[in-house]
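I have placed the structure first, in the form of structure tokens, so that the comments after it can refer back to it.
The values are calculated or read from the model by the stated rules, or taken from the named source; none is laboratory data. Since the model is a prediction, treat every value here as computed from it, not as a measurement. Backbone-built Cβ (ideal geometry, glycine too); neighbour counts: all protein chains shown. SASA here: full protein model, heavy atoms, side chains in, ligands and nucleic acids out. Shrake-Rupley method; radii C 1.70, N 1.55, O 1.52, S 1.80 Å.
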Amino acid sequence: MRSIKIIPLLLSLLFFPSICFSFNGIDIPDYRPFQKVADIKTRGKKLYFDGEITPRSVSKVMALLQKNQITTISLNSMGGDVESAIRLGIEIYNRNISIEVRTVCASACANYLFVAGKHKFLSKNSFILWHGSTNGPKNEMTIQGDISREAFFKLESVKRIQRYEKYFYKKIKVNEKTPYCPQLKPNYHKDYPEKWFSYTPLDMAKLGVKDVIFEVRADQWISHAEKNHVIFAKYCN
């Protein structure tokens with residue numbers, strides 16, 4: 001069976017440079033994170049990744065990591081395939097590779113790539129966006145494909161990916177609830193109407209997401225994100 005992809009909602013947008021795309025109320029001033037076929041290249045010891053995380057794009061990255069001494073991966077992605085992202089996240093962690101977020105790192109990118117980085121570099125304009133994971137509340141997942149919710153969660157392939165995710169978070173020593181902390185609260189839909197959320201540096205550290213390095217002061221990064229409709233969640237244990 002093909003890898004399972006879990007998608008929060010359907011997205012329709014046109015690709016034009018130099019305009020702002022509004023993604024669920026959050027302004028993303030770049031079309032590159034939405035590219036179905038990721039643009040991947042290396043410059044010196046840095047690898048640039050722009051677009052969707054897929055088995056194919058991750059295989060290309062893995063091949064480049066074998067051939068090049070990459071110390072940093074510069075990301076621009078709205079997420080993608082869960083299993084492929086976990087695979088790459090483990091490789092990033094094992095190789096002590098740092099992560100740089102240029103415009104946005106969301107969904108599977110935030111869940112499995114950003115958190116695995118040795119150091120995590122954020123500029124004033126960088127967005128880190130979570131919205132859930134395979135082990136989060138089942139009612140918060142929109143499932144792609146002609147299958148019932150009950151049948152979906154009984155699939156051995158889904159259970160395997162859930163175990164894989166648990167293994168990943170245990171390995172990198174990050175709280176596995178990081179992608180879905182606010183979803184555990186009864187007022188989630190009221191407090192997070194767009195479903196997306198981020199964390200302050202303090203709450204990231206409490207969750208185990210450490211070594212986050214800001215180009216500007218952390219409060220400036222938070223202020224910029226809030227002005228662009230990003231809602232900050234709180235730590236949960």
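Restricting attention to the stretch 188-207, report how many residues are within 17 Å of the chain's Cα centre (by Cα) and not in a helix (DSSP H, G or I).
Residues flagged as within 17 Å of the chain's Cα centre (by Cα) and not in a helix (DSSP H, G or I) within the stretch 188-207 amount to 7.
Each row is one residue, and each column tells you yes or no for (1) in contact with a strand residue (DSSP E or B) (Cβ under 6 Å, 6 or more places away or on another chain); (2) farther than 27 Å from Asn175 by Cβ; (3) not acidic (Asp, Glu).
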residue: Val58; (1), (2), (3): no, no, yes
residue: Gln66; (1), (2), (3): no, yes, yes
residue: Gly79; (1), (2), (3): yes, no, yes
residue: Arg87; (1), (2), (3): no, no, yes
residue: Ile90; (1), (2), (3): no, no, yes
residue: Asn96; (1), (2), (3): no, no, yes
residue: Arg102; (1), (2), (3): yes, no, yes
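Kindly indicate whether any position in the stretch 105-120 is farther than 22 Å from Leu207 by Cα, in contact (Cβ under 8 Å) with a residue 40 or more places away in the chain and either within 18 Å of the chain's Cα centre (by Cα) or open to solvent by 10 Å² or more (accessible area, probe 1.4 Å) (or both).
No - not one qualifying residue is present in the stretch 105-120.
Filter the stretch 20-56 for residues that are acidic (Asp, Glu) and open to solvent by less than 20 Å² (accessible area, probe 1.4 Å); which is modelled with the highest pLDDT?
Here the answer is Asp50.
What are the pairs, 6+ residues apart or on separate chains, where a residue within the stretch 136-156 that is surrounded by 15 or more Cβ atoms within 10 Å (Cβ to Cβ) has its Cβ under 7 Å from a residue that is β-branched (Val, Ile, Thr)?
Once the first residue is surrounded by 15 or more Cβ atoms within 10 Å (Cβ to Cβ) and sits in the stretch 136-156, its partners that are β-branched (Val, Ile, Thr) give Met141/Ile6; Ile143/Ile6; Phe152/Ile143; Phe152/Val158.
Could you grab me the full set of residues in the stretch 162-187 that are crowded, with 18+ Cβ neighbours inside 10 Å, in contact with a Ser or Thr (Cβ under 8 Å, 6 or more places away or on another chain) and part of a helix (DSSP H, G or I)?
Glu165, Tyr169
Looking at the stretch 105-131 only, could you name the residues that are more than 18 Å from Val61 (Cβ to Cβ) and in contact with a Pro (Cβ under 6 Å, 6 or more places away or on another chain)?
Of everything in the stretch 105-131, those that are more than 18 Å from Val61 (Cβ to Cβ) and in contact with a Pro (Cβ under 6 Å, 6 or more places away or on another chain) turn out to be Trp130, His131.
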